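Derivation of every value follows stated rules applied to the coordinates shown; laboratory data play no part. Please read all numbers here as calculations on a predicted model, not as lab measurements. Virtual Cβ from ideal backbone geometry, glycine too; neighbours counted across all protein chains shown.
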């Protein structure tokens, strides 16, 4: 997007909106009017045509009236949640540029030109970084500034190979095309993390701009522990490779190598316990790999139109068929080994009989588990095209609310397991 493209759109449609400033609101009567006025001033400084949208999330004070009096268009979103509020606001935004920020006066909307400038140079998404900018006295608790935000940002950078300095800043600007590509879904505070991850997965051109973060006006709606856990859980669920697959391989490899190392080793109870623990490690590893396979397919279905060789292996039914075959083979071999041991006697002495008994039980157990896992993976054989969350919100946020309240499938509007 360039300034010339915006000028061209003005000639085509003199009533077009260049930039929409969207802010969620829940009982912010002390600050929402200030934020709306600053947003209008920020829009004026950009030289663009704009609008200010306040997405009210069920305020019971005078927030709505104050926002309207300050010149904002108010939409109502009774479904509570940071993400829900933004999705409702985005659904009615008309600008080719979308700006988002809280209505508690912690972000200075008059700084909009600084965040919009990279978009006019060709970037798709701009993050206002508090940690790279200035945090005024009393604006952020020390636990958030030095523990919570740095840890969550580091996790996000490691899991998704990013290089952002403040993943949870609430002041961001992006193009309409970028919004469409990100396909945002989440309802709660993890919405902030989702934007960063989706921007990376959509390969958007991302820029960071240092901003000033001020003390909020009014009472904070955040809960440090629960919201921090929601963010961390969300990031892990978006990375089944790190949550399931890598630990699964580690458990399986440790169990397999340990079992080989202790095979035939004689000893007392300690040796027997070690052999059993290694067998359990193999079982845990296999289960984690199956969960990782399912999570990978589920995530791909909901976040991408493209399939991979691995997801096709699952959705085409090959994984289930091979699971049945492998389970049957292991179960049959394990039963055969058990029957042989009972027929000839397990004996005693050098530790081989104990190892064979544990091996046969492991094969029977894994065989039975893989049978049920094959049924489980069979649930993913039918492909379902991903749906765009903002298309579901539609042009009318009231329609979005009504459809959600009628019990539509939550998986259509959320990322996997977002509300576990």
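Structure summary
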| quantity | calculated |
| --- | --- |
| Length-normalised contact order of segment 58-199 in % [C-alpha pairs under 8 Å, at least 6 apart] | 32 |
| Sites residue 339 and residue 225 - FRET efficiency at Förster radius 45 Å, r taken between beta-carbons, to 0.05 | 0.25 |
| Label-point gap, in nm, between residue 163 and residue 253 - each point 7 angstrom along Cα→Cβ | 2.8 |
| Label-point separation in nm, residue 147 to residue 68, each point 7 Å along Cα→Cβ | 4.4 |
| Residue 381-residue 241 FRET efficiency (beta carbon distance; Förster radius 30 Å; 0.05 resolution) | 0.85 |
| Residue-span extension gain [residue 45 to residue 270] - 0.36 nm each, minus C-alpha spacing | 73.5 nm |
